[in-house]
Amino acid sequence: MAKPHDDYSPLPKFLEAFPDMSGNAVNGRGETKPRLASPFFWHPHSKQAFGELQDAVLNHHRLSAGVRATYSPKALRGPKAVEQVPQKIDKDAAAWTADIKKFALENEADLVGIVPMKPEYVYEGYELNEPWIVMIGVAMDHERLNSAPDSLEEPTSAVEVGEQYNRAARVSRNLTNYIMEQGHYAKAFAGPYASALLMIPPAIAAGFGELGKHGSLINRQYGSSFRLSAIATEMPLMGDAPDVFGADDFCTNCQICTKACPPGAISETKQTVRGVDKWYVDFDKCIPYFGEALGCGICIGRCPWSRPGTAPKLAEKMSARRTRLVEES
Ligand code: SF4
Ligand code: SF4
């Protein structure tokens, strides 16, 4: 387990807003049986136990004029939803899959992948009946991301995060409308607020990469310098496969994010979370610093895979290593 770094003390306002429970318990750390994820942070206040803390974090972010502007109602987050056309256009799954991937990539997406819906991709208390998820990724400007930690006066990284969430929202809403115009139902999901759909598990299944020690995805093109959105749809589609190239192995021997994280929230070892052994970030340690630093992002900014041009070379090297180890075994 990572220890809190000695030189960081959370702001009193975040400590006061912390409920009398651990976010790691809500997340299911230490639980050996699988269960659905509980709605947790970035959900409507009434749906989760950390509403006061969420409000404290949001109020702190609103102290920054730059962050307020990024998330203002005037932010360009894509068109309103159109009505579903009554007459379905009939094509096979391969043709629709090619169509919607082309549409996404021609309309601001950098990554697109498809995966069948699974119950574990939906938060407890929500329901999604569409059989397919289309995952969208948009790359971030690494230099701006890596300027974290931000100050209220210079929120460069937070503004970059917000602008890319807005771009990801535009992709998902435009693609949703395109699908509805073909007579098929679709629903857009865009951050930073969460709703019914978990983003990281379906993104891994859709081939976006592997989970890193810092709790975010590592992609073979963009490292961890990208944001996600999604669409759930009943349009017939074909799924992609996970992309395993050795990021998980790399994390085993790397400590860059664990050392860079000011509150020491990133665990050196995998934890059992709702029945799955995986890299885990301690919510209770992360979130006060995350709140203070306007969304933080130090861990994904400092991750070597995020440096422009680095991830493809590291992926090639780690893939070759994996092949060699398999051949030798
Ligand atoms: S900084 Fe290192 S340990 Fe952390 S996620 Fe990136 S590669 Fe893995
Ligand atoms: S977001 Fe910041 S505080 Fe949270 S794990 Fe990453 S570096 Fe640590």
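Just so it is clear, none of the values below were taken in a lab; they were calculated from the coordinates. Everything numeric here is computed off the predicted structure, so don't read it as measured data. Note that we place each Cβ from the backbone using ideal geometry, even for glycine, and neighbour counts take in every protein chain shown.
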> Under the condition of being without any contact (Cβ under 8 Å) to a residue 40 or more places away in the chain and under 19 Å from the mean Cα position of the chain (by Cα), which residue from the stretch 245-269 is farthest from residue 213 (Cα to Cα)?
Replying inline: 248
>> Of the residues 273, 244, only one is in contact with a Gly (Cβ under 7 Å, 6 or more places away or on another chain) and not charged (D, E, K, R); which?
In response: 273
> Out of all the residues in the stretch 31-45, is one or more in a helix (DSSP H, G or I) and surrounded by 13 or more Cβ atoms within 10 Å (Cβ to Cβ)?
Replying inline: no
>> Pairs please, first residue from the stretch 136-163 and in contact (Cβ under 8 Å) with a residue 60 or more places away in the chain and away from ligand 2 (no atom under 16 Å from the Cβ), second anywhere and part of a loop (DSSP other than H, G, I, E, B) and not small (Gly, Ala, Ser), Cβ atoms under 7 Å, 6+ apart in sequence or on different chains.
In response: 137/110; 137/208; 138/108; 138/110; 139/110; 139/222; 152/63
>> Consider the stretch 270-329. How many of its residues are polar (S, T, N, Q) and not in a helix (DSSP H, G or I)?
In response: 3
> Mind checking which residues of the stretch 240-269 are buried (at least 22 other Cβ atoms within 10 Å of the Cβ) and not in a loop (DSSP other than H, G, I, E, B)?
Replying inline: 247, 251, 257, 266
> Of the residues 183, 207, 215, which single one is within 16 Å of ligand 2 (Cβ to nearest atom) and in a loop (DSSP other than H, G, I, E, B)?
Replying inline: 215
>> Can you find, within the stretch 136-156, the residue that is surrounded by the most Cβ atoms within 10 Å (Cβ to Cβ) among those that are aliphatic (A, V, I, L, M) and over 16 Å from residue 220 (Cα atoms)?
In response: 145
> In the set 55, 90, which member is free of Cβ contacts under 8 Å to residues at least 12 places away in the same chain and among the acidic types (Asp, Glu)?
Replying inline: 90
> Got a sec? Which of 20, 55, 7 is within 29 Å of residue 124 (Cβ to Cβ) and surrounded by fewer than 11 Cβ atoms within 10 Å (Cβ to Cβ)?
Replying inline: 20
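Yes/no per residue for (1) under 30 Å from residue 8 (Cα atoms); (2) in contact with a helix residue (DSSP H, G or I) (Cβ under 6 Å, 6 or more places away or on another chain); (3) assigned to a loop (DSSP other than H, G, I, E, B):
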residue	(1), (2), (3)
165	yes, no, no
170	no, no, no
202	no, yes, no
229	no, yes, no
238	no, yes, yes
